[in-house]
Amino acid sequence: MSQDLPAYALCRVVGVEPLTPRMRRITLASDDLLGARPVAPDQQVKIFLARDGGVPEIPAAPEDGSGVAGWYVRYLAVPEERRPWMRSYTVRALDPDAGRMVVDFVLHGDGEPGGGHAGPASRWAARAAIGDVVGVLGPAVAGYRSPDGEPVRLLVGDETALPAIAAILEQLPPGTRAVAVVEVDGPAEEQELPGADVHWVHRGGGSLPDAVRAVELPEGPVFAWVAGEASAVRAVRRHLVGERGLDRRRVAFTGYWRRDLTQDDAPTEQDMADVAEQLPAPDGAASG
Ligand SMILES: Cc1cc2nc3c(=O)[nH]c(=O)nc-3n(C[C@H](O)[C@H](O)[C@H](O)COP(=O)(O)OP(=O)(O)OC[C@H]3O[C@@H](n4cnc5c(N)ncnc54)[C@H](O)[C@@H]3O)c2cc1C
């Protein structure tokens with residue numbers, strides 16, 4: 001692969017574990033993950049799923065230096081019936097010595113307790129079994145842009161953000177305590193989050209932006225990290241910058257999914273505006 005493309009690995013499912021009724025932990029293994037370099041606390045991978053349930057094929061990296069953009073053009077050129085689905089997920093844990101990666105999948109739709117529409121990735125995760133094969137590209141940084149390496153002290157998100165929130169908390173400097181506001185379906189979906197004072201929001205019992213409005217922020221400068229459903233993320237960011245007066249460089253935010261749109265659907269104008277607002281990281285800080 002050309003230098004600016006992260007590595008591609010074909011991975012086998014070696015572990016499947018229910019975490020909560022709506023979240024399934026899947027462990028992936030491949031010799032290609034041996035020595036994989038962690039890149040950020042909220043590192044993401046692209047997961048490729050074959051439409052026929054077999055081994056996904058992804059195009060080789062272009063030799064002409066066109067990098068990620070050139071590779072993506074090739075991916076889109078694969079006829080739709082053969083093109084694997086590509087979805088973004090967080091690396092919950094990476095063990096480069098064992099060549100293993102843990103990913104926590106939210107099961108949405110298809111009769112799951114949260115209702116809504118299913119998608120190929122949630123459907124795959126609900127049925128995944130030992131020996132299944134997926135493609136993995138990455139890891140790459142997701143939204144982490146800490147000015148001057150400042151630790152995150154406010155974490156906001158829904159269950160899709162829980163893997164990143166848990167990983168970020170595990171990497172906080174000793175003695176740092178964060179506040180987390182997390183929306184899940186109900187009490188059965190709550191997870192242990194050591195290192196944070198957690199405010200759980202149960203769907204139907206209030207909204208994520210309202211819960212953030214009600215929360216007391218930690219004292220002193222706050223670097224906030226926000227991810228989850230895109231419109232909720234926007235509302236939370238607007239509140240933190242507009243009403244709480246946080247410097248916008250101190251609010252890292254990423255829409256992880258869009259209501260009624262799949263990850264194959266084109267970006268909306270609002271998505272493009274969000275990308276424009278995501279400022280580059282200061283020199284030396286993690287960026288994505
Ligand atoms: C950087 C990044 C990291 C992410 N990390 C994780 C992770 O670790 N774990 C995880 O589970 N997800 C994670 N996500 C979110 C995940 O990529 C999306 O939820 C994705 O849409 C799932 O693909 P799908 O094939 O299941 O559904 P799609 O085919 O993309 O969508 C089908 C339908 O389902 C709806 N939908 C999608 N997600 C949800 C949801 N969570 N709840 C209810 N409805 C939904 C869509 O609006 C659409 O109507 C991450 C996203 C990003 C960008």
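Worth a mention:
- Enumeration of residues in region 168-223 that are among the acidic types (D, E) and under 19 Å from the mean Cα position of the chain (by Cα): E170, E183, D185, E189, E190, E192
- Test: residue in region 190-199 that is within 15 Å of the ligand (Cβ to nearest atom) and either in the same structural domain as T20 (by TED's automatic domain parsing) or farther than 16 Å from P147 by Cβ (or both): yes
- The listed residues are E243, E229, E189, and the only one of them that is touching a Pro at 6+ places or on another chain (Cβ under 8 Å), modelled with pLDDT of 95 or more, at negative phi and of a type in the set (D, E) turns out to be E189.
- The set of residues from region 34-80 being modelled with pLDDT of 90 or more and aromatic (F, W, Y) comprises F48, Y75.
- On the stretch given as region 158-189, residues that are over 24 Å from P139 (Cβ atoms), of a type in the set (A, V, I, L, M) and within 15 Å of the ligand (Cβ to nearest atom) total 1.
- The residues of region 242-260 that are out of contact with any Asp or Glu (no Cβ under 9 Å at 6 or more places or on another chain) and either free of Cβ contacts under 8 Å to residues at least 40 places away in the same chain or surrounded by 12 or more Cβ atoms within 10 Å (Cβ to Cβ) (or both), listed by number, are G242, E243, R244, G245, L246, D247, R249, V251.
- Test: residue in region 131-146 that is more than 19 Å from the chain's Cα centre (by Cα) and of a type outside the set (A, V, I, L, M): yes
- Test: residue in region 205-214 that is surrounded by fewer than 19 Cβ atoms within 10 Å (Cβ to Cβ) and farther than 28 Å from H117 by Cα: yes
- Qualifying residue in region 126-136 (condition: without any contact (Cβ under 8 Å) to a residue 40 or more places away in the chain, within 9 Å of the ligand (Cβ to nearest atom) and not assigned by TED's automatic domain parsing to the domain that holds W257): no
The values are calculated or read from the model by the stated rules, or taken from the named source; none is laboratory data. Every value quoted in this text rests on a predicted model; they were computed, and no experiment measured them. Every residue, glycine as well, gets a Cβ built from its backbone with ideal geometry; the counts of neighbours run over all protein chains shown.
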